[in-house]
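A short worksheet on the structure shown next.
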Amino acid sequence: MIPRRPLLRLALVVLVAAGLVAGVRALRPVPDTRETLYLFGTLVEVEIHGTPEAEARAAIADVGAHLQTIHRDWHAWRPGLLEDLNAAIAAGRPFTVDDALARVLRQGRDLSCASGGLFDPAIGALVEAWGFHADTPPEGDPPPAATIAALVARHPRMTDLRIDGNVVRSTNPAVQLDLGAYAKGAALDLAAADLRAAGVSDAVLNAGGGVQVIGQHGARPWRVAIRDPFQWGVVAALSLRPGEALHTSGNYERFLEAGGVRFSHILDPRKGQPVQGIVSVSVLDTNGARADAAATALGVAGAQDWPAVAAAMGVGAVLVISDDGTMRATPAMRARLEPVSGGFPGPIEVMPLPEGVSPPACPPDPAPAPAPAPTPSP
Ligand code: AMP
Ligand code: MG
């Protein structure tokens, strides 16, 4: 089901080699500042260019504190705000969340709706049933077919959510939120905004499978590479433009291995089953949450349908690698891919996106409650 080649946790590599940076350091008045943070089980490398070190370290410390809050509040299976919200949804109660969670849930609902439900963070109970609510890979047999069928039959969907200001309720108590498919992208969007607000003009945030840049690395762009899903190495490099994000979703990253078969952690919400066929999807966009959500959705869509889903989600630059090694890229992505060490690992087929695809209409938020009538003065 999934290639049995060396597994790679990180799908992206920042190519600004340490030696290269060190080599030019003496010429530069302000050295780069680098630090490693931790988010959702992944190391986040932050590199800042062109900001004095003390300011850069203070900005990274603030970003680190913000990411810790997000890590706690948005975690799918540890005590925190999201777990409390999930408990309230299961009990049929409305629940008040903070601004950040309300915003990311609205974003997730809209992206899910645009994907036709292929990206659907409401399927937390399915993800848990497959054993992926743990820091270590699941062991044992796949869940019983009847368990999966019963969960799918309850149709948990993001479009079941009603978000009224900061009050979240669900019309379906089977909704259990797991933001894992886009939280990293959304968190890097927020981290980049923090850095910009702190006056940082050039930086890269690299979190296994997701990278987000601000500005450039001096006179040249930040360069990153997309990892080869089959072996140690990269399939291509890209020069990111200021404000771009690149997210890769690999169905080889986390899996359940049972009876000689590997079951991916990316599930098709329509069947409750792990995806097959596509092993890696990379999406380049100016919005990290959308790139991350789309990378997951297109893997679920499969080789036939991913171009239409990409068009509906509004992402234009996509690279899809199938389990037989076939590489397909949209024209916008193909134009950005640069060969590394002499060439690409194989031919890259260019797949234009269909035109005139509009996303499905999403349910609007409830109208704001009318303002209380003024109390008549005596
Ligand atoms: P990613 O690596 O970004 O593709 O995210 C995969 C994670 O998202 C999984 O570990 C699950 O927690 C969750 N997930 C799996 N399948 C889906 C899906 N179809 N829609 C939304 N979230 C999913
Ligand atoms: Mg994703």
Filter region 241-291 down to the residues that are among the hydroxyl-bearing types (Ser, Thr, Tyr) and in a loop (DSSP other than H, G, I, E, B), then identify the one that is farthest from ligand 2 (Cβ to nearest atom).
-> 286
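From 159, 171, 96, which residue is crowded, with 16+ Cβ neighbours inside 10 Å and outside the structural domain of residue 300 (by TED's automatic domain parsing)?
Values: 171 fails: crowded, with 16+ Cβ neighbours inside 10 Å; 96 fails: crowded, with 16+ Cβ neighbours inside 10 Å.
Of the residues listed, the single one that is crowded, with 16+ Cβ neighbours inside 10 Å and outside the structural domain of residue 300 (by TED's automatic domain parsing) is 159.
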Out of curiosity, is residue 206 farther than 17 Å from residue 44 by Cβ and either surrounded by fewer than 24 Cβ atoms within 10 Å (Cβ to Cβ) or not β-branched (Val, Ile, Thr) (or both)?
-> no
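Can you find a residue in region 203-212 that is within 16 Å of ligand 2 (Cβ to nearest atom), small (Gly, Ala, Ser) and assigned to a strand (DSSP E or B)?
Checked against the condition, which is being within 16 Å of ligand 2 (Cβ to nearest atom), small (Gly, Ala, Ser) and assigned to a strand (DSSP E or B), region 203-212 yields at least one hit.
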Please work out if residue 126 is closer than 17 Å to residue 273 by Cβ, of a type outside the set (Ser, Thr, Tyr) and crowded, with 18+ Cβ neighbours inside 10 Å.
-> yes
Go through (1) more than 25 Å from residue 114 (Cβ to Cβ); (2) in a strand (DSSP E or B) one by one and return the number of the condition residue 230 breaks.
-> (2)
For residue 179: the one exception among (1) away from ligand 1 (no atom under 16 Å from the Cβ); (2) under 25 Å from residue 71 (Cβ atoms); (3) out of contact with any Ser or Thr (no Cβ under 6 Å at 6 or more places or on another chain) = (1)
From the list 338, 355, which one is modelled with pLDDT under 95 and outside the structural domain of residue 167 (by TED's automatic domain parsing)?
-> 355
If you go through 65, 56, the only one that is surrounded by fewer than 15 Cβ atoms within 10 Å (Cβ to Cβ), over 20 Å from residue 248 (Cβ atoms), modelled with pLDDT of 95 or more and outside the structural domain of residue 233 (by TED's automatic domain parsing) is 65
Looking at region 92-105, is at least one residue under 15 Å from residue 363 (Cβ atoms), assigned to a helix (DSSP H, G or I) and within 16 Å of ligand 1 (Cβ to nearest atom)?
-> yes
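The values are calculated or read from the model by the stated rules, or taken from the named source; none is laboratory data. Small disclaimer: the values here were computed from a predicted structure and weren't measured. Cβ coordinates were reconstructed from backbone atoms using ideal geometry, including for glycine residues, and neighbour counts include every protein chain displayed.
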